[in-house]
Structures are given as C-alpha cells and as structure tokens.
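Working notes, structure below.
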Amino acid sequence: MSARDPRPSGPPPSHPDRTPGPAHPLRRPADRLESWFSCFLLLVLALGLPAAALSVGQNAYRSGLRTVQTQSAERHQVDATVRSVDENVGATAKEHARIRWRDDDGTVRTGSTPVRPDTREGSTVRVWVTRDGDVTGPPVTRNQAVTTGWFAGGAAAAGVGAAVYVAHVGARHALDRRRYAQWDAEWEQVEPLWAGRFHR
C-alpha cells in the first residue's frame, strides 16, 4: 500500500448495519418468495428434466420395440410379377403397378404397389405383404424405435424446461405487479412530504 492510499491496511471493517442473506432489512416478502420459488424451480429442473426425459424416452422405446416385434411377425416379403404400370404418373415420381404373387400355400393374390419409373410389365419386384395378403410397407426397425425413444425423451425434456421457464416468468410478472402496486401506494404517502420540502 502506498503512503498516499487513504484506505487502512488489513481486512476491511465490518458493517453491522449490513445484514447479509435473506434477513436483509431491504428484502421484501415478495423478494424472499421469488428467491425461494426460483430455488424450487431449479430443483424441479435439475431433477424433473432428466427423470421425465428418461421415463418418456424408455416408454417410447419399449413401445417401438413391441411394434417392431408385432410387425416383423405379421409381415414378410414376396416376389411379385408386374402385370401393368400406371402411365399417368410423372417420370420423377414413383409409379403404381398392379402386381401378382403366390402365397406359400399356393393362393394367387393381386394388389397394387409403388414401383420405380423404369419398371416394365412382366418384371419381378420385391414387396412386403401381411398374413392376409395385403400389400404393406416394411416393418419398423429397431433403429427407428431407438430414434423414437430419443425424440420422445428430448421432447419431454424440452417440455419440462419450457414449463419451468413459463412458471418463472409468470411468477416474476405477478410479483412485479405486486411490487409496483406497493411502490405506488408508498409513493402516494411520501410524495406530499417530499414535494413540500421544495415549497418552503
């Protein structure tokens, strides 16, 4: 410390009139309520967000796996012969074709399926069909179930975060309105005394 420094050496003196923490005399009940509510929301965010994401994600993943198992058991692929191709679909899009195939028990079935634009009559295409002989799409895969689980978990986490944010903003807005009303009421009492000092 230089000789011209007006500050004394050693630790700064204590100020008994400064009360730290929530017991500060200038902290209003609304301020304490906002502080406690913010801590509560942080706790909800820290515990509820991962819990919701994990729970929803796992449930969506298990549901997806059940769908994978169900569709894999009900659907299978067959080789079908193209009987005719629709000509009214643009070359850049998939065309539809009438197809014919034979089940394992020898039953001849027909149906319609999207095919590539260069598909010709008489060619063979691989299609998915159900046990009832209806043309369908491929079954859901395990990777799709995993993706669904991650997406659902992320959506749940985003929902919890959005709810916490909305709750914080709403509570602060309500408390601010209350504080502004208190300030207006206090100013109505103080303003005449304050203004009177300038009329003396």
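The values are calculated or read from the model by the stated rules, or taken from the named source; none is laboratory data. Remember, it's a predicted structure, so these values are computed and weren't measured experimentally. Ideal geometry is used to build each Cβ from the backbone, glycine not excepted, and the neighbour counts take in all protein chains shown. Note: accessible area is taken over every heavy atom of the protein model, side chains too, but ligands, DNA and RNA are not part of it. Shrake-Rupley method; radii C 1.70, N 1.55, O 1.52, S 1.80 Å.
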Among T136, T141, T124, the single one that is touching a helix residue (DSSP H, G or I) at 6+ places or on another chain (Cβ under 8 Å), β-branched (V, I, T) and at pLDDT 90 or above is T141
Any residue in region 59-76 that's in contact (Cβ under 8 Å) with a residue 24 or more places away in the chain: show its pairings with residues that are open to solvent by 60 Å² or more (accessible area, probe 1.4 Å) and part of a helix (DSSP H, G or I) at Cβ separation under 6 Å, as long as the two are six or more apart or on different chains.
-> A60/T148; G64/T148; V68/R142
Quick check: anything in region 34-43 touching a helix residue (DSSP H, G or I) at 6+ places or on another chain (Cβ under 9 Å), over 30 Å from R178 (Cα atoms) and open to solvent by less than 40 Å² (accessible area, probe 1.4 Å)?
-> no
Result of the Cβ filter at 8 Å on region 172-187, keeping first residues that are under 24 Å from F40 (Cβ atoms) and partners that are open to solvent by less than 100 Å² (accessible area, probe 1.4 Å) and of a type in the set (D, E, K, R), at least 6 apart or interchain, is R172/E34; L175/E34; R179/R28; Q182/R28
T110: more than 19 Å from N59 (Cβ to Cβ), open to solvent by less than 50 Å² (accessible area, probe 1.4 Å) and of a type in the set (S, T, N, Q), yes or no?
-> no
Is it true that some residue in region 59-73 is within 21 Å of G111 (Cα to Cα), open to solvent by 70 Å² or more (accessible area, probe 1.4 Å) and at pLDDT 90 or above?
-> no
